[in-house]
Structures are given as structure tokens and as C-alpha cells.
1. Considering only the chain, what is the antiparallel percent among its DSSP beta bridges, to the nearest 5?
2. Sequence-distant or interchain residues sharing an amide H contact under 5 Å with residue 108, placed H: which?
3. Normalized C-alpha radius of gyration of the chain, against 2.2 N^0.38 Å?
4. Taking the mean number of other Cβ atoms within 10 Å as a proxy for protection, how do you rank 163-172, 201-210 from highest to lowest?
5. Can you tell me the Rg and Dmax of the range 232-317, counting just the alpha carbons, in angstroms?
6. Which of the residue pairs 94/199; 13/136; 48/173 have a Cα-Cα distance greater than 22 Å in the structure shown?
7. Using a 10 Å cut-off on Cβ atoms, rank the peptides 308-317, 223-232 from the highest mean neighbour count down.
8. Taking only Cα atoms, what is the 0 to 90° angle, nearest 10, from helix 123-140's long axis to the longest principal axis of the chain?
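Just so it is clear, none of the values below were taken in a lab; they were calculated from the coordinates. Given the structure is predicted, the values throughout are model-derived calculations rather than measurements. Cβ coordinates were reconstructed from backbone atoms using ideal geometry, including for glycine residues, and neighbour counts include every protein chain displayed.
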Amino acid sequence: MIVKPRTTPIYIKKLEALARRLPQSHPKRVGISEQLSKRLAGFKGEQKIDFPLSFLPEEEYHLFHDLRLFDGTHYFQLDTLILSQRFILILEVKNIKGTLYFDSHFNQLIRTIDDIKEGFPDPILQVKRQSAQLAKWLRMSNYPIIPIETFVVVSTPRTMLQTSSNNQYIYNKVLHSATLPYKVNEIHKSHLKEALQFKQLRNLSNQFINEHVPLEVDILLQQNISQSEIQTGVQCPNCFFLPLERDWGRWRCSQCSTISKDAHVQTLEDYALLINSTITNSSAREFLQVSSSTIVKKILSSMKLPHNDLKKGRKYYLS
């Protein structure tokens, strides 16, 4: 049973908004695009394991994707967590092409592609740390000891996996996504005792959801980009030109003649992702490049956004 579905991470949405709003000539545009490509590749890799996971019996397992918890000292984020009455399984997903060599001596991952070698942090060490943090979190929450298992899942089937002949530990910790259901079944058979009663399982499942803390980043501050560098105006959904012109209750693109009734929705979402989750009529006029407060009021009202009760300086919540 999927308790916490996989959704597009907010950080990816913020990078996408930033890519839409930076001028083509901006010096940081290429770097932003590269960051976005890497994040999207990682997210697509995580999505690739959804199919093999669908073969697990729903009544047996609770699945949580992109779960972020606080252990009292640090936050830790888990690509996928599988909860059962017998054990917890943490999956760290890697979407990396080429040949991967797991070096247990120096605790690093070496990727070779087109005869070029590149080093990555050791994902086995990473998931080991996540296991320790989750165990600490469970102790803080007064749950009984429950076995925590870990896998590094390589989601690209053509990726070749290698290690030294004396590194047998890797074979039990790293796998391709296609073998995931069978490996989970092996773990299930190896843990005969139920560590959690059904009520405890349900309570723990609810607590995971209640204590999940989404990562919030001020993307402009992080990337050292000022708000004045962000392009305003409603963007064309077809050719991406901006700003569109407001004409008889519609948006019209002067470049490709596209007509849209709701192109402002994406623009206000960009505002929420990049600048603020609340907006006033005055701020909306400036960002939409619409001079009429009456028109902007109609736009915001048509979206049925929650707002405070103030008549002057009313704030709309761009949830």
C-alpha cells in the first residue's frame, strides 16, 4: 500500500521556475539547467522502481516515497521506505549510466563511461548512515526494536556493476531494480518474528506522515540571484515568450498568436516557488504586468485562492 506517493520534489519545481524566469543571456542559466537535468535524472530513476515495487503484496507493506525526518540533530531524507510488521527496508536509488565500481577500501563509487572515470560518494555508506538515523528516530519515538534493512537500487538496467573479488558484502546490498520484489521476499522470509503489532504498524505509518518535513529552500538566495533578475509577466504556454498581453479576459501572445484563458496560473505558481507563497493585488499587478487592480482582483478571485479578511492589503495564499 502506497501511503506517501512519489511526487515531483519541490526543489525540482523551483529549478524549473527559475529556468523559465531567467533571461537567455543570464550567466547562471547554463548552471541552473545542468542542476535541473541532474535532479530530473535522479527523480526519473526513482520513478523506475515503481513498477517492480507494484508486485509487492499491498496488504503486507506500507510504502513511503521521498520521506524526510528529523532525528533530533539532523534531517535525513529517504528515497523509498518500505514498512512491514517484520522489518523496515530503506532503498537508496541511483540512476547512473555506465560501469559502476564499488570501492569498499576507499568508500567510493567510481563510474566509467566513454573511457572517462568519475568518483561519486559511496551510496552504501550513505544508506548505512540513513539506517542509523532512522534507528535513532524510532528510539526517540519509543518504538520497539525493529530490524532495518538497506539496499542500493540501480534503476538503469544497462548499468554494469563491479567490485573486487573479496568484497562479497556488495552482492547483498546493491541490486538492479528488476530483482527488487524477489529480494524483498527474501528479507521477509529471513525475519520470522513480527517486531510490530498491527496497531503499532498503523501508528508508525501515521507518524511517518505527520513528522515528514518537506525540504524548503530559498532558491534565489541559494543561487545568489536577486529578485530583480527574474523576468516578470505572463509566459506563453506555446512558445514561452513573455510578457503576454491581456485582451478581453484572455492572454494573447504577440509572437505566435496563442490565446490562453489561464496562462496566469503558471505565472503565479512561479511567483510562489521563487518569491513568496502569499501575494497581494499590488504584487500580482507587478508580476503579471497588469496595471488594473480590478482585473487582477478578478483573476485572483477566479482562482478561488484562500485569503485573509482584510479589504486593503489583502493577502492571497498561493498553496
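1. 65 percent
2. Distant-sequence amide H within range of residue 108: 103.
3. 1.22
4. Top of the packing list down: 201-210, 163-172.
5. Over the range 232-317's Cα set, Rg and Dmax evaluate to 12.6, 40 Å.
6. 94/199; 13/136
7. Taking the mean over residues of other Cβ atoms within 10 Å, the ranking is 223-232, 308-317.
8. Taking the Cα atoms of the chain, the angle to 123-140 is about 90 degrees.
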